[in-house]
Structure formats: structure tokens, C-alpha cells
Amino acid sequence: MNNWQAEVDVLVAGAGACGLIAALRAAEQGASVAVLEKLDRFAGNTTLSCGSIPAAGTRLQREAGIQDSANTMIADMERVAGEHEAPHLTRMLATRSGEVVDWLNQYCEVQMKLYTNYKHVGHTIPRLHTQPTGRGIELVEALARAAQRDGIEVVFSNPISRLIADEHGAVIGAEVSSGKQRYSIRAKKTILATNGYGANAAMLREFCPEIADAQYFGATGSEGEAIEWGRQLGAKLGNIGAYQSHASVAYPHGELLTWSAAEKGAFYVNRSGRRFGNENLGYSGFGALVMAQGNVAYAIYDSRIRDYVAHYQDTYRVLVEQGGAKEAATVEELAALHGIDAEALRETIERYNAAARGEQADEFGRSAFGMAPLQAPFVVTRVNAGLFHTQGGLMVDAQGRVLREDGHAIGNLFAGGGAAAGVSGRAGGAGYVSGNGLLAAAVLGYVAGETAGREIART
């Protein structure tokens, strides 16, 4: 028998984009909501991201004259991810994505813009929606303002220590820590939005050992609590070995060399001046290739690409200002900047440019070359690969309900974002399409909050 110190309709664990969206949508259905965050601030993966949410059929797309559909988006995602354990989530996320982005803009007053000059990895149509600055912290701050407007309480430094279930296994609340004190909060519905397990070394070794030794660039709070709580309740895990890496973390700056540089024509070489893969694979899938080169690589491009990307992307412009995109008038000068074999680099550039001009097939099968062939002055950025977030978690249905191994829902328990099964393939990093992480955070948060609120309203 628990002595409940507090009671609420919907309890949300985690104050990132997923948790705040879930809270806002549940409150919109008339539920009372509390959000508990274990850290003392907003610090989830969204705050570290570019804030890009892929969505089909949005108002911004229509205004830009871009025709898109959920079916086209599904086809793009399935082509990259291949077969995996949550195809129902791919369909649901794509189908409701446009609705969610428009709701964020209209109901939550989140300022949004549509990238029309980039399609980004995996997308055949421009559908990435982001904030004016291209930084995810702006999205979280806008959601926090909306939560305050709607009277939703967000409590920091109050981590959930365990979920409380009844004799039938249905979740009825949680035990929470507040400093040295512990208290129990009763909830009709609980939504887990605690992100993935990228900061949990033991889980990385268990589920995706090939990336476990990569430097972690995600949120420090992503420690996999939802997976542990779910296991204790008999939850099924889905696509648990999938993750999103990034092949181009500028060294030593720590800023991202956006993959837009590769889309516009940059290629990657190792210390010997040789390419080692098809850059069309995308930043996540290419990460494992950079790791195989000793986790040191060099992006080779030119001043035209540098200036184009810097014009459109603030985060890359910061890297340029920090000296992370060094220019050279000749190939020899370019190679000397990082001790790369000059003759090999010259041969690599010549072969790459010939492929870009259509004079020969690319040796790695690259088919899209952006603004290439490259021309002097050239630019180089040294990069490492890093792990950004995991893409596997608790299996949920299309309404965000956490499922047991037998396929039945655990009573009153929902999950979204990195806490839930992702749609980036069964394992590895090659199945990631740009924006998959925030897509799952936004749409699963929305549907979980919606379902929880409506189920409460019917009782």
C-alpha cells in the first residue's frame, strides 16, 4: 500500500521535446499534467540538435509549392532503414508528421522554417522543418513557454527512481527522489520521455558494441532508465541495436561539419589521402567508416561549398569563424595543412572530379555530387565520428502504448522519442534518415499525450 504524496492525471518523465509535447497535448485534452526532469535544466538531445523535424504535407510545404505525401515519406524512410521491427511506427510517424509540425507552429507558437535548398540524408523531397537559428534549444524554449502558458508544472532535479505497478502489472504512479527525500506520485497515465541510452556504457556494450568506443556527443542524461523500468515490467524492446552516429564532428572544435557540405560536393579521405566510402550513405551510416580509419578523417571541399553552406547554416558558420574550415590555393598546400599525402590526394581529387563530370563511374558508387567538380581554392576540415543518440527502445504501438513481449499493452504506460523503439533500422547506424530522432520525439510525444488525455476523458 503506497502513501501517495501527490496525484495527477498524466505524469511525464523527461522535459525534452518529447516530454513537453506530450504534456502539452495531454493538457489540451483536459488532463492535469506534471513533468519531472532529473537534471536541473533543459538538457536533452533536442537542445544539442539542429532542431530539424521531417514532415510531409505541411502548410509551409504548400506555401513553398512543394508537393509531398505520407506515402512518399514512408518510401524514403523504408528505403534507407530496410526491414526492422517497427514498420507500424514508420507509417504512423510519416502519416501524422504534417499535422504535428503545423500544431507546433500554431498551437505551441513554435517558429518554423522549411529547408527548401536542402533535402538532407534519405529524403527525396524538401521536408525538414526547423527553427530560425537552426538550433534545437530554440524549439525546447518555445515548448517551455507554451507549457508555462498552459499551467503545466515542470519540476527539475526530481528524478523518477522506479515505476509503481498494481497487482495486474498496470502502472499507477512512480517513486521520485528530491534531494535526500523520496515521495510517491499517483498518476492515471505515465509517459516515458527520458531519451535513449547513449550515456550508458554498459547498455552500449550490450546492444551496439561496434559504436561503444566512439566519443559520445549526446545528452548526458540519456542513461536508459526507460529500458530498465520496461524490462522490470516485461516490456518488449524494439530495434534496440540501432543508433545515430555522425561522421563529421570537427576536431578539435567539437562543432558539427554539417553533412550539407557532403551533399553539396565534399568528400572524405584518410591520412593517406584516399577516399574510403560513398558519402551519399549519409552522416550516420558513414560514421562506422570513419571509425574504421582510426576515427580520423578529412573532409575535402572548396570555397564555393564553404560559402554556400555558411550562408544558410548558422552552426557551420560558427565552425568557419573558429578556423575549422582551412583554405588552400593548391592541393599541395591543402595536404600540408594536416600532413596528408599530397600526391595521393591529388590523384583522389582528379578521380573524384572526373566522376562528378560524368567521365567515369565513381569508385565507391557515389551518384550525387552537388556542386562538384571541386576547384581551387580548396578547403579541408579534420573530423572524427561520434555517437549522438541511440535509436532503439521500448516497443510501442501506434498510440504510444508500451507493449509486453506478448504484444499486449502495459496498462497506463506510454513512451516516446529515444525511450521508444525507433525507425532507423534494426541495428547499426546506416538506417538513419535526417531528423528521425526529432520525428519520433515530436510525433510519438504528441500521440502519447493525445491518447493518454483522451482515455482519461472517457473514464
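Any read-out appearing in this document is the output of simple, stated calculations on the displayed coordinates, not a laboratory observation. Being a predicted model, the structure only gives us computed values, none of them experimental. Every residue, glycine among them, receives a Cβ derived from its backbone with ideal geometry; neighbour counts consider all protein chains shown.
The angle between the Cα long axis of helix 342-356 and the longest principal axis of the Cα atoms of the chain comes to about 70 degrees, rounded to the nearest 10. Roughly speaking, what is the centre-to-centre gap between the range 42-66 and the range 317-362 when only Cα atoms are used, to the nearest Å? If we compute the Cα centre of each part, the gap is 32 Å.
The simple spin-label model puts a point 7 Å past each Cα toward its Cβ; for K326 and R304 those points are separated by 2.4 nm.
As an exercise, use a Förster radius of 41 Å and the Cβ-Cβ distance of L39 and Q111 to find the FRET efficiency, rounded to the nearest 0.05. Approximately 0.95, to the nearest 0.05. Per-residue ellipticity at 222 nm from helix content only, as computed over the chain with -39500 (n - 2.57) for each DSSP H run of at least four residues, stands at -10500 deg cm²/dmol.
Descending by average beta-carbon neighbour count within 10 Å, the peptides 245-257, 49-61, 338-350 line up as 49-61, 245-257, 338-350, the highest first. Per residue, the convex hull spanned by the Cα atoms of the range 243-387 amounts to 94 cubic angstrom. FRET efficiency for the pair E153 and F276, taken as 1/(1 + (r/R0)^6) with r the Cβ-Cβ distance and R0 = 56 Å, rounds to 0.65. Listed by chain and number, the lysines whose C-alpha is less than 24 Å from the C-alpha of K236, apart from same-chain residues fewer than 8 away, are K188, K189.
On the basis of the beta-carbon distance and an R0 of 25 Å, H168 and H88 show a calculated FRET efficiency of 0.50.
Say the dipole of the chain comes from +1 at the beta carbon of Lys and Arg and -1 at that of Asp and Glu; which of A170, G51, Q293 then lies farthest toward its positive end? The listed residue farthest towards the positive side: A170.
Relative to the current alpha-carbon distance between E333 and R346, full extension at 0.36 nm per residue lengthens the span by 3.6 nm. In this simple spin-label model, placing a label point 7 Å from the Cα along the Cα-to-Cβ direction at both E7 and E210 gives a separation of 5.1 nm. Going from the fewest other Cβ atoms within 10 Å to the most, the residues I227, I21 appear in the order I227, I21.
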